[in-house]
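The values are calculated or read from the model by the stated rules, or taken from the named source; none is laboratory data. Predicted, not measured: the structure shown is a model, and the values here were computed from it. Methodologically, a virtual Cβ is constructed for each residue, glycine included, from the backbone with ideal geometry; neighbour enumeration extends over all protein chains shown. We work out accessible area using only protein heavy atoms, side chains counted, and drop any ligands, DNA or RNA first. Shrake-Rupley method; radii C 1.70, N 1.55, O 1.52, S 1.80 Å.
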Amino acid sequence: MNISLMTIADYDDAFKLWSETQGMGLRSLDDSRKGIDFFLKRNPETNFICREGKKLVGVILTGHDGRRGYIYHAAVHRDFRRQGIGKALVDRALTSLRKEGIRKVALVVYKDNLRGNGFWESLGFTLREDLNYRNLSIDPENI
């Protein structure tokens, strides 16, 4: 297992993995090459990939706003699950956030993504039932 910082050169492989991952929500602009390049430049030390040989088998996008960390698009290829790759990626992401002074992290998982919710719960992420998550797309092209 080889974990390294994600760069835009990893985009095609990462996007393919995200596209093949059940329960993953992708947006037309945010998750385009340009959108991910913007995110990586804003968060250059907090995004990681895992390769087995040349094959990208895991990825995690992580960033922060100076106060809270946020995890996006964590995925492990279905043939490589249950080998500790997801946990290792999360550990690297959390370590990188701690180095940047972040003390709390949040993420969003679709309610019907049972595998994803089980994974995050197994790592100690708790479900907040006292909040309503709301969002507004301010660009109608970002579908």
(Q) Every residue in segment 67-90 that is surrounded by fewer than 22 Cβ atoms within 10 Å (Cβ to Cβ), on the phi > 0 side of the Ramachandran plot and in contact (Cβ under 8 Å) with a residue 12 or more places away in the chain, please. (A) GLY84
Q: Filter segment 11-24 down to the residues that are touching a helix residue (DSSP H, G or I) at 6+ places or on another chain (Cβ under 9 Å) and not hydroxyl-bearing (Ser, Thr, Tyr), then identify the one that is surrounded by the most Cβ atoms within 10 Å (Cβ to Cβ).
A: ALA14
(Q) Filter segment 85-104 down to the residues that are out of contact with any Phe, Trp or Tyr (no Cβ under 7 Å at 6 or more places or on another chain) and among the aliphatic types (A, V, I, L, M) and list them by number. (A) ILE85, ALA88, VAL90, LEU94, LEU97, ILE102
Q. In a helix (DSSP H, G or I), of a type in the set (Ser, Thr, Tyr) and touching a Ser or Thr at 6+ places or on another chain (Cβ under 8 Å) - does that describe any residue in segment 84-100?
A. yes
**Q.** Output for segment 25-51, where each listed residue is open to solvent by less than 30 Å² (accessible area, probe 1.4 Å) and touching a residue at least 60 places away in the same chain (Cβ under 8 Å)
**A.** GLY25
Q | All positions within segment 101-143 that are assigned to a helix (DSSP H, G or I) and either in contact with an Asp or Glu (Cβ under 8 Å, 6 or more places away or on another chain) or open to solvent by 100 Å² or more (accessible area, probe 1.4 Å) (or both) | A | LEU114, ARG115, GLU121
Q. Given the conditions (1) hydroxyl-bearing (Ser, Thr, Tyr); (2) out of contact with any strand residue (DSSP E or B) (no Cβ under 8 Å at 6 or more places or on another chain); (3) closer than 21 Å to GLY25 by Cα, and given that THR95 satisfies all but one, which numbered condition is not satisfied?
A. (3)
